[in-house]
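The values are calculated or read from the model by the stated rules, or taken from the named source; none is laboratory data. Quick caveat, the model's predicted, so the values are computed rather than measured. No Cβ is skipped: glycine too gets one built from the backbone with ideal geometry, and neighbour counts run over all protein chains shown. What goes into the accessible areas is simple: the full protein's heavy atoms, side chains included, and nothing from ligands, DNA or RNA. Shrake-Rupley method; radii C 1.70, N 1.55, O 1.52, S 1.80 Å.
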Amino acid sequence: MAKGKLAGFKLILAFFSLTFGLNPSDAHAETGSTSYEFLNIPTSAHAYALGGTAPALIQDDVALADQNPALLGPEIESQLNFSYMRYMGSGNFAGVRFGHGIGDNSAWAAGIRYLNYGSMTEYDEGGMAGGRFSPTDIVFEGSYSRDITERWRGGVNLNMIYSHYHVYSAFAIAVDLGVNYYDDEHDLSLSFVMKNAGGQVKRFHEAYNALPFDIQVGYMQGLGSSPFSLAITARNLTKWKLPYYTHPKDSDGDTQVLKSTFFGNFFRHLTFGLQYAPSDKFYIALGYDYKTRTDMSSYARNFLSGFSLGAGIKVKSFGFDVAYAMPHKSASTIMLNLNCNFAELLH
């Protein structure tokens with residue numbers, strides 16, 4: 001087992017070396033301004049429970065295709081997944097995805113996501129309130145994956161995004177490319193993903209809104225013969241500095257200080273997850289995202305900011321997953337998944 005883990009850590013180091021060498025000009029860049037950040041919100045409650053990103057999570061779940069298209073495979077058989085998230089107060093996100101295996105080595109999936117951010121008041125240039133409107137985003141999703149070797153698999157996601165904010169609308173196309181290495185004997189999974197490559201076809205205004213392009217490396221390892229697994233994901237790897245604002249303890253509430261230390265930047269790239277799965281029918285997962293916790297330091301975070309918790313159960317051909325997080329002291333998020341495997345149902 002130790003030999004398998006050592007090989008896994010060597011692969012992680014190789015992935016990090018490759019990733020940080022891809023774009024040296026961005027190595028010391030500040031956090032950029034992008035739109036379409038909702039593309040980073042998972043549709044999988046299991047992934048959300050493990051910290052919000054889990055590109056190396058191995059499970060027969062079609063909802064994980066948005067984390068990494070290489071997690072999609074023929075083992076899903078014929079599967080339908082419904083997802084719902086009550087997001088930070090008034091946001092309601094829902095989606096459906098169907099996936100089907102192709103022979104012994106390939107699979108495809110298609111789905112749609114609808115994101116509504118609640119009712120908002122319209123204001124004119126003079127600050128006068130007008131009517132109300134509900135900003136919405138719709139994402140049409142398509143995925144395909146194929147086994148490369150016995151342990152390597154590659155995949156691609158194509159997302160077509162329509163946004164409608166009051167009298168403004170836009171259309172964009174985003175592509176995800178991912179690979180996964182899975183060693184079943186040592187319960188080791190490694191992933192490399194390039195997410196949200198693409199751009200706007202139709203813009204809101206004359207200005208261009210960039211997609212949140214990201215490079216992620218995922219690692220998940222079973223801990224010996226125990227039912228526990230450790231998940232670590234490195235994200236935002238196209239830039240090193242991820243500064244954030246905080247309030248000094250001896251200042252008034254309006255004073256903010258920009259923080260950007262070496263260890264702060266390092267850990268803001270990482271999410272951590274711990275999973276307890278005594279069988280393939282049940283799991284409990286806990287996640288921690290340091291970036292979410294420090295992002296909330298400028299607002300009103302609480303003890304739970306940055307943490308997430310979830311569980312899942314499978315009964316015959318049906319699966320149910322739930323995840324919960326409370327990034328802000330007055331705003332919590334809950335996510336639900338319902339999954340049905342038609343191949344098992346018909347048998």
Test result for LYS239, under 30 Å from TYR168 (Cβ atoms), charged (D, E, K, R) and touching a Leu at 6+ places or on another chain (Cβ under 9 Å) = no
Could you tell me whether GLU122 is farther than 24 Å from VAL201 by Cα, assigned to a loop (DSSP other than H, G, I, E, B) and open to solvent by 60 Å² or more (accessible area, probe 1.4 Å)?
-> no
Please list, ordered by first then second residue, the pairs with beta carbon atoms under 6 Å, 6 or more apart or interchain, first in segment 59-78 and over 20 Å from PHE342 (Cβ atoms), second polar (S, T, N, Q) and in a loop (DSSP other than H, G, I, E, B).
-> ASP66/THR43
Restricted to segment 191-235 and to residues being within 25 Å of ALA285 (Cα to Cα), at pLDDT 95 or above and of a type in the set (S, T, N, Q), the residue most open to solvent (accessible area, probe 1.4 Å) is SER226
Scan (1) free of Cβ contacts under 8 Å to residues at least 12 places away in the same chain; (2) open to solvent by 50 Å² or more (accessible area, probe 1.4 Å); (3) of a type outside the set (Ser, Thr, Tyr) for the single condition GLY131 breaks and write down its number.
-> (2)
Report whether or not SER106 is among the small types (Gly, Ala, Ser) and open to solvent by 10 Å² or more (accessible area, probe 1.4 Å).
-> no
If only one of VAL175, VAL179 is in contact with a Gly (Cβ under 6 Å, 6 or more places away or on another chain) and without any contact (Cβ under 8 Å) to a residue 24 or more places away in the chain, which one is it?
-> VAL175
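Listed here are the residues, each with its yes/no results for (1) under 17 Å from the mean Cα position of the chain (by Cα); (2) not small (Gly, Ala, Ser).
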position: ASN81; (1), (2): yes, yes
position: MET88; (1), (2): yes, yes
position: ALA94; (1), (2): yes, no
position: ALA107; (1), (2): no, no
position: LEU115; (1), (2): yes, yes
Right, ASP66: surrounded by 24 or more Cβ atoms within 10 Å (Cβ to Cβ) and among the charged types (D, E, K, R) or not?
-> yes
Since ASP147 meets every condition but one in (1) open to solvent by less than 30 Å² (accessible area, probe 1.4 Å); (2) over 30 Å from GLY264 (Cα atoms), which condition does it not meet?
-> (1)
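Which of the residues spanning segment 288-347 are of a type in the set (A, V, I, L, M), under 24 Å from ASP61 (Cβ atoms), at pLDDT below 90 and open to solvent by 60 Å² or more (accessible area, probe 1.4 Å)?
If the condition is that a residue be of a type in the set (A, V, I, L, M), under 24 Å from ASP61 (Cβ atoms), at pLDDT below 90 and open to solvent by 60 Å² or more (accessible area, probe 1.4 Å), then LEU345, LEU346 are the ones that fit.
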Return only the number of the condition from (1) in a loop (DSSP other than H, G, I, E, B); (2) at pLDDT below 95 that ALA54 does not satisfy.
-> (2)
Does any residue of segment 160-181 turn out to be farther than 23 Å from SER35 by Cα, assigned to a strand (DSSP E or B) and open to solvent by 40 Å² or more (accessible area, probe 1.4 Å)?
-> yes
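Condition check ((1) farther than 21 Å from ASP187 by Cα; (2) in contact with a helix residue (DSSP H, G or I) (Cβ under 9 Å, 6 or more places away or on another chain); (3) part of a strand (DSSP E or B)) across all residues:
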{"site": "VAL217", "(1), (2), (3)": "no, yes, yes"}
{"site": "SER226", "(1), (2), (3)": "no, no, no"}
{"site": "PHE266", "(1), (2), (3)": "yes, no, no"}
{"site": "THR271", "(1), (2), (3)": "no, yes, yes"}
{"site": "GLN275", "(1), (2), (3)": "no, yes, yes"}
{"site": "TYR288", "(1), (2), (3)": "yes, no, yes"}
{"site": "LYS291", "(1), (2), (3)": "yes, yes, no"}
{"site": "ASP295", "(1), (2), (3)": "yes, no, no"}
{"site": "ILE313", "(1), (2), (3)": "no, no, yes"}
Matching residues, segment 263-287, being farther than 29 Å from GLY319 by Cβ and open to solvent by 60 Å² or more (accessible area, probe 1.4 Å) = PHE263, PHE266, PHE267
Checked against (1) modelled with pLDDT of 95 or more; (2) more than 28 Å from TYR84 (Cβ to Cβ); (3) open to solvent by 60 Å² or more (accessible area, probe 1.4 Å); (4) not basic (Lys, Arg), LEU188 satisfies every condition except (3)
Do we find a residue being within 15 Å of the chain's Cα centre (by Cα), at pLDDT 95 or above, in a loop (DSSP other than H, G, I, E, B) and within 28 Å of THR238 (Cα to Cα) anywhere in segment 32-39?
-> no
Qualifying positions in segment 79-124 - without any contact (Cβ under 8 Å) to a residue 40 or more places away in the chain and among the hydroxyl-bearing types (Ser, Thr, Tyr) = SER90, TYR114, TYR117, SER119, THR121, TYR123
